[in-house]
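The values are calculated or read from the model by the stated rules, or taken from the named source; none is laboratory data. Keep in mind that what you see is a predicted model, and the values were worked out from it rather than measured. Cβ coordinates were reconstructed from backbone atoms using ideal geometry, including for glycine residues, and neighbour counts include every protein chain displayed. Protein only, heavy atoms only, side chains kept; ligands, DNA and RNA dropped before computing areas. Shrake-Rupley method; radii C 1.70, N 1.55, O 1.52, S 1.80 Å.
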Amino acid sequence: MPERDDARRAARGSLPAARELPLFAELPELARQVPWRPLAHAPTPVVPCAAIEGYLGRGGVWTKRDDRISPLYGGNKVRRFEFLLADAERRGARTLVTVGGLASTQVTATAIFGRALGFAVTAVLFDQPVTRFARRALLADAESGAALVHGGGYATTALRALRAHGRADRPYFILPGASSALPCLGYVDAMLELAEQVRRGEAPRPDRIVVPTGTGGTVAGLALGAAMLGWPTTIVGVRITERIASNRAVVRYEIGSMMRYLARRAPRFTRRRLPDVRFEIDPRAVGPGYGAPTPASIAAIPEVERLIGVPGEVTYSGKALAALREIGRERPGETILLWQTLSSARAAADAAPVGPEALPPAFARFFEGDVAA
Ligand SMILES: *Cc1c(COP(=O)(O)O)cnc(C)c1O
């Protein structure tokens with residue numbers, strides 16, 4: 001398919017040159033042992049966001065614009081994929097096989113960056129509430145040239161993913177959320193990046209960082225990074241999925257596995273005594289569950305658009321903003337930083353050059369009728 005090849009060449013052209021990772025500067029032994037390749041345009045800007053209506057704080061609200069981390073696709077998966085896809089390349093993989101919900105950003109990131117790097121991509125998608133955002137995600141997945149398989153419920157999705165893995169040429173499996181120790185180093189590095197910006201006077205050191213949390217990998221990376229810096233900053237994960245999947249124990253486990261990963265490779269890390277890691281999980285915004293629209297998250301959609309220039313959605317950005325409002329009310333004197341985790345590069349895909357017919361017939365029903373958000 002020549003158009004697809006053209007699209008892939010153009011995508012490759014949007015990949016950035018290499019950059020110095022603050023994490024590798026801090027622990028130079030890592031650079032030789034840890035797979036990494038550039039995908040992100042970083043540092044991402046950190047800017048004040050006075051535009052949030054109804055926010056009552058005096059300390060001010062800032063935002064870290066990871067939504068703009070790549071012109072191909074932004075958001076918080078990109079820093080992880082710099083490690084993950086480098087690992088896939090190092091292992092000689094040809095096909096990335098992954099699983100996620102219909103609206104999964106991790107699936108979209110796998111599809112877009114995987115294809116840009118020349119991998120074949122197969123994604124098995126489980127059902128979740130259908131929103132406009134989910135439709136845009138499906139079209140972006142299809143447009144990238146990934147092979148999409150409808151998984152249905154969790155059990156059939158797991159079976160179909162196993163089958164896809166069995167059939168794939170030199171497969172590399174990416175778990176839902178892509179949140180193991182290696183990729184999550186991307187958010188340890190992101191925290192060190194923010195510290196450099198604070199040192200340069202681009203923003204004050206935040207008392208609290210608010211970020212939507214699913215698998216907890218972003219919170220874990222940021223909290224470990226803050227501990228390495230000796231900052232008293234608390235990372236607040238706004239829970240956007242069920243408590244069984246997203247809780248303090250999961251985040252603590254992830255921090256522990258990153259610490260072991262670093263200690264095995266960087267003696268300097270082992271010798272350091274870390275202060276306590278500070279994080280909280282805020283459950284107030286999640287509502288009935290993952291991807292489920294709530295009145296507050298629906299109301300936040302246009303506010304997200306004022307903030308990052310593209311419509312928000314109810315799963316992540318809407319719930320994070322709804323929680324931020326509460327947190328700001330409760331802590332009016334604090335400096336709060338909202339970490340933007342949603343892409344603003346791709347959301348214009350309402351005008352995606354492919355339509356629902358680019359997807360396998362099993363997905364047609366997700367494009368029928370109106371949706372709530
Ligand atoms: C994946 C994702 C999250 C959750 O990140 P975790 O590290 O899995 O907790 C939050 N916001 C957006 C937009 C995401 O795509």
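Just a few scattered comments:
- Rolling a 1.4 Å probe over the heavy atoms of the protein chains gives the stretch 59-152 an accessible area of 22 Å² per residue.
- Centroid-to-centroid separation of the stretch 176-230 and the stretch 87-116 [C-alpha atoms, Å]: 23
- FRET efficiency, 1/(1 + (r/R0)^6) with R0 51 Å, evaluated for Arg331 and Asp370 via beta carbons: 0.85
- As computed over the chain, the Cα convex hull volume per residue (Å³): 130
- When nucleic acids and ligands are ignored and a 1.4 Å probe is applied, Trp36 ends up with an accessible area of around 50 Å².
- Residue order for His150, His165 - accessible surface, 1.4 angstrom probe, largest first: His165, His150
- Helical segments meeting 15 Å axial Cα length and Kyte-Doolittle 0.0 threshold in the chain (DSSP H): 105-116, 181-199, 217-229, 295-308
- Sequence of Arg132, Arg208, Arg264 when ordered by accessible area, the most exposed leading, probe 1.4 angstrom: Arg264, Arg132, Arg208
- Net charge of the neighbourhood of Ala109, taken over other residues with C-beta under 9 Å away and scored Lys/Arg +1, Asp/Glu -1, is +2.
- As a fraction of the 1.4 Å probe accessible area of the stretch 161-305, surface on carbon and sulfur atoms comes out at 54 percent.
- Alpha-carbon centroid distance for the pair the stretch 251-265 / the stretch 120-142, whole angstrom: 31
- Prolate/oblate/rounded call for the stretch 78-178, Cα gyration tensor, a/c under 1.5 rounded: oblate
- Shape analysis of the stretch 153-207 places it in the prolate category; the axes a ≥ b ≥ c from the Cα gyration tensor give an a/c of at least 1.5, with a/b above b/c.
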